[in-house]
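Participant: Take a look at the following structure, please.
Rule-based calculations on the coordinates, nothing more; no lab input. Computed from a predicted structure; not experimentally measured. Every residue, glycine among them, receives a Cβ derived from its backbone with ideal geometry; neighbour counts consider all protein chains shown.
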Amino acid sequence: MIQNENKQNNPQNNPPRRSFSPSHNRSGSFGYNRQGHNNPNQRAYPAQQTTNQQSEQRRRSAPFHADSLAFNNRPSTVTQTIPQQTHIATNRPPFRDDRNHVVSRPHISTATKSQLKNRKMSPKMRPGGSSPKGKKGPDVIPPLKDGDIRIIPLGGSEEIGKNMIAVEYKNDIIVIDAGMQFKTEETPGIDYILPNTKYLEERRGKIRGLVITHGHLDHIGGIPYVIERLGNPPIYTREFGALLIKKRQSEFPHLPELNIKISGPHDEFLPITPDLKIKFFGLTHSIPDSTGVIISTPHGDIINTGDVRVENDNGIVADKEFEQYALFKDRKILLLTMDSTGVEKPGWTISEKIVIKTIDKIVSEVTGRIVIATFASQVERIIAFIDMAKRYGKKIVIEGRSMKNNVEILKHLNLADTSHIVNVEDMLDYPPHKMMILSTGAQGEEFAALMRMANNSHKFIKLNKTDTIILSSSVIPGNERAITGLKDNLYRHDAHIITYYDTDVHAGGHGKREELSWIHKQIPYKFFMPVHGHHYMLKMHAELANSLGTPRENIIVPDNGSIVEISNNGEKITVLKEKAPSDMVMVDGFSIGGIQEVVIRDRQMLAQDGMFVIIASINTTTGKLKKSPDIISRGFVYLRESQELLKDARHIIKRTVENASAGMNPIDFDYIKDLVTDEIGKYLFQHTAKRPMVIPVIIGV
Ligand SMILES: [Zn+2]
Ligand SMILES: [Zn+2]
């Protein structure tokens, strides 16, 4: 659940954007020398806007096809014809506008080629989608043979996040989890990444249920986006998960109500179809009602652990863990699929009891105010903190929206006495040593409560040297820099800061290697498939299973979209050479999936070198420019201090346009635009070593 814990705040801090605002709104100024300033006299440019809106519309209305993310490899320019003889070109690769028609120009500019070459792209962002080999076209997936079981990890097998596994038997499919992942550095501006559900959408009529292991966002966060695509199947979950699912769904009021079926802790196997039954089994993680799932088939059980750790005291496993896994002793288990997140860490996680004890001791000794920052997803620990404050006669302030949401749910379920929670506005009514602040933001998230306290922008909480701040969290890889910034800011207040480097104030929710080994020994399975982790984690987990006695041929290390089949009455496991679609599906404002890789690439280009827009009007009779062309740029160079560059650029534009259009009748705008893009691209690179996105707008008058 690392990604999830990491940024649990984000969805709440950044709710889905309510309207689409075209990025060119900010760049609407037709004056020059205004880089970085909002010009009150900005002129809108209707023709350009129309085009962008139209193309945006086309992209949005394009049918959802994983394949539609594919690019033509050939770099070229995109050309869109727009009314009034106004033309726009950008030096980006063509996108497939629909499945039959590639919008492209035969003219290839050198600037464009090298520009593309210089862009870094991850394997997932490469043309051709998620396949590292750049595989083209959809696979024709053979039908499932009667009596065979198909298991497809659709997400969570190449990353931590967006977990989803489909289990198919005869005419039925049960889906386990529908998670999401937060944006990565490779997907600037994207809100979330979802599992690719195309395989399921094409078999929507077979889906009998969505089974949720627990309420973390990497397991439930995708529900509002995918549930309709799956045909609104019933959702099976324990109570805590159900509340979090409903809470999240309430942020999408336009969606129909979910059909949630809550399973109790003592429920027996629930028949979903004549052949398939499901049962949840309780296990230890970091949120109440964490479960694993058993799907019972005529050939044996398919088990998914969900996220899991093992409560232990220095490697001595707690009795309740033995009880939780006792039910597997006499079952026929075909396949175990299991959390791999913690596999590279040797040993055992420290007991959550020790974490609580350590923090309890600190809380009992401090003489000033105490601030505890942890992941909102560490719900069980939050319950302990609320109890702790009660015991020491302290009032509690809850800071951070995700933390508040989860505390609301705790209150609703009566999991904690919350009578001593006070509003932050009333905090000054109590002496500092009677205050505990529970806050989000221990990962240095920009807008989270702790960061606001640290950088003095919190409206009510001002830190001082009598405060004690506990960071009850680990450093999640990738957040190092943000956390360094957070700590710098915290230390400026000279407060007393305690982290897990100092003492046991945090334990992770995912079992380390010895815990995973212990679980392997409790579940007598035939086949093993590690999930929930990056590829290297899955490989390490496979090695672990092998070292514990599972033959290599019984272990499958999947990718997202791998189609795993158990055949011969449960005797044989294979992976088909065909794959279910697994290209990234992104949520970007209101749009989901579709042709967004081109948008992402533009964002990457713009982020690196900015943009350079040229507006020129040609007299269509004489082929001469009406006046000196206008130039706008953003994120490129400071134009006010680049007068020479501008002067030369205008000169080159004028020369290029007029040389080309001389004697041309009618004027070929596309051709002229490409020439201008090339010439200006070359010139700017020679003089600045930057390759901004050059956008010529040429208007015939
Ligand atoms: Zn997880
Ligand atoms: Zn989790």
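Participant: For segment 552-565, take each phi angle, set θ = phi - 60°, evaluate the Karplus expression 6.51 cos²θ - 1.76 cosθ + 1.60, and give the result in whole Hz per residue in order, putting x for glycine and proline.
Facilitator: 3, 5, 9, 10, 10, 9, x, 9, 4, x, 4, 9, 9, 10
Participant: To continue, here is another question. Under a 5 Å amide H to amide H cut-off, with H placed in plane at 1.01 Å, what residues pair with Lys261 once short-range neighbours are removed?
Facilitator: So Lys261 has HN proximity to Ile235, Tyr236, Thr237.
Participant: Something else about it: Given N residues in segment 352-498, what is Rg(Cα) / (2.2 N^0.38 Å)?
Facilitator: That ratio works out to 0.96.
Participant: Within segment 306-412, which GluC sites (Glu not before Pro) sit in a loop by DSSP and count at most 15 neighbouring Cβ atoms inside 10 Å?
Facilitator: Of the GluC sites (Glu not before Pro), the ones in loops of segment 306-412 whose Cβ has at most 15 other Cβ atoms within 10 Å are Glu344.
Participant: Can you pull out the trypsin sites (Lys or Arg not before Pro) in segment 323-405 whose DSSP state is coil and whose Cβ has at most 16 other Cβ atoms within 10 Å?
Facilitator: Lys329, Arg331, Lys332
Participant: With +1 on each Lys and Arg Cβ and -1 on each Asp and Glu Cβ, how big is the dipole of segment 159-264 about its Cα centre, in debye rounded to the nearest 20?
Facilitator: The calculated dipole for segment 159-264 is roughly 420 debye.
Participant: Amide H of Met180 versus every other amide H placed in the peptide plane: which residues, excluding those fewer than 5 positions away on the same chain, fall under 5 Å?
Facilitator: For Met180, the qualifying residues are Lys162, Asn163, Asp218, His219, Ile220, Gly221, Gly222.
Participant: Which whole-Hz ³J(HN,Hα) couplings does segment 213-227 yield from phi under the Karplus relation 6.51 cos²θ - 1.76 cosθ + 1.60, θ = phi - 60°, glycine and proline marked x?
Facilitator: 6, 6, x, 6, 5, 6, 10, 10, x, x, 3, x, 8, 10, 4
Participant: Further question: Non-local amide H neighbours of Gly155 (under 5 Å, H modeled in plane, Pro and chain starts lacking H): which ones?
Facilitator: For Gly155, the qualifying residues are Met164, Gly561.
Participant: Report the convex hull volume per residue for segment 186-245, counting only C-alpha atoms, in Å³.
Facilitator: 94
Participant: Would you list Ser633, Ser364 from fewest to most Cβ contacts within 10 Å?
Facilitator: Taking fewest neighbouring Cβ atoms as first place, the list is Ser364, Ser633.
Participant: May I ask you to evaluate 6.51 cos²θ - 1.76 cosθ + 1.60, the Karplus curve with θ = phi - 60°, for each residue of segment 277-284 and list the ³J(HN,Hα) values in order in whole Hz, giving x for glycine and proline?
Facilitator: Computed from phi, the couplings for segment 277-284 are 10, 10, 8, 8, 10, x, 8, 9 Hz.
Participant: In segment 456-527, which chymotrypsin sites (Phe, Trp or Tyr not before Pro) fall in coil by DSSP and have 12 or fewer other Cβ atoms within 10 Å?
Facilitator: The qualifying sites are Tyr501.
Participant: While we're here: Could you work out, for segment 633-697, what percent of all Cα-Cα pairs fall into each 10 Å distance bin, beginning at 0 Å and stopping at the bin that holds the largest distance?
Facilitator: 20, 52, 22, 6
Participant: Hey, another quick one. Kirkwood Rh, Cα Rg: Rg to Rh for segment 498-541?
Facilitator: Rounded to two decimals, Rg over Rh is 1.11.
Participant: Quick check on packing: order 561-568, 248-255, 212-219, 549-556 by the mean number of other C-beta atoms within 10 Å, highest mean leading.
Facilitator: 212-219, 561-568, 549-556, 248-255
Participant: I'd like to know which of Ala384, Leu413, Ser474 lies farthest towards the positive end of the charge dipole of segment 352-498, counting +1 on Cβ of Lys and Arg and -1 on Cβ of Asp and Glu.
Facilitator: Ala384
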